[in-house]
1. Quick one: length gained pulling Asn7 to Asp113 fully straight, 0.36 nm per residue minus the C-alpha distance?
2. List every residue whose amide H lies under 5 Å from the amide H of Val110, counting only residues 5 or more places away in sequence or on a different chain, with H placed 1.01 Å from N in the peptide plane.
3. Give me the orientation-averaged projected area of the Cα convex hull of segment 44-156, in nm², one decimal.
4. From the alpha carbon gyration tensor of segment 59-117, can you work out the equivalent ellipsoid semi-axes (sqrt of 5 times each eigenvalue) and give them in Å, largest to smallest?
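Any read-out appearing in this document is the output of simple, stated calculations on the displayed coordinates, not a laboratory observation. Note that this is a predicted model, so its numbers are computed, not measured.
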Amino acid sequence: MTSQPLNRRGFLTRVAALGLTTALGTTLAPHLARAEWNKAAFDGKSTADAMKALGASGTADSADVQILASDIAENGAVVPVQAVSKVPGTTRIAILVDKNPSTLAALFDVGPDMVADVTTRIKMGQTSNVTVLVEAGGKYFTATKEIKVTLGGCGG
């Protein structure tokens, strides 16, 4: 096999590919390396178990924590939930579903330059209270809302 001379277009394509690979490697790799998994919290079978595993004690209801979700979910397999924290210094947002087999449905770490506003879709097996737990400054704040489910999503 003979090597052909590299033309300008081929050279620029290779340089761009190398630059993109380097950029992706340096921006994504540190975030992937810092990923943590709180197995005990996700394995919790009750809200109290999950909160204990998250280190939450002495929680207080707060008007600065909001749950934006429909009162009735037609399909429990896909329930859109938005959690908003206006508590200054929010570092973590957790979404818990009381009557799910695994109570902790989602856990988000919030960086200092991020808006404490997350949206996700969760599964709900039946009508249940959904609690949003916010950690800010070493303190814990909550808001709770009942969401009625007409068709269960956890195998129901």
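1. 33.7 nm
2. Here Arg92, Ile93 satisfy the definition.
3. Orientation-averaged projected area of the Cα hull: 6.1 nm².
4. Equivalent-ellipsoid dimensions as semi-axes: 22, 13, 12 Å.
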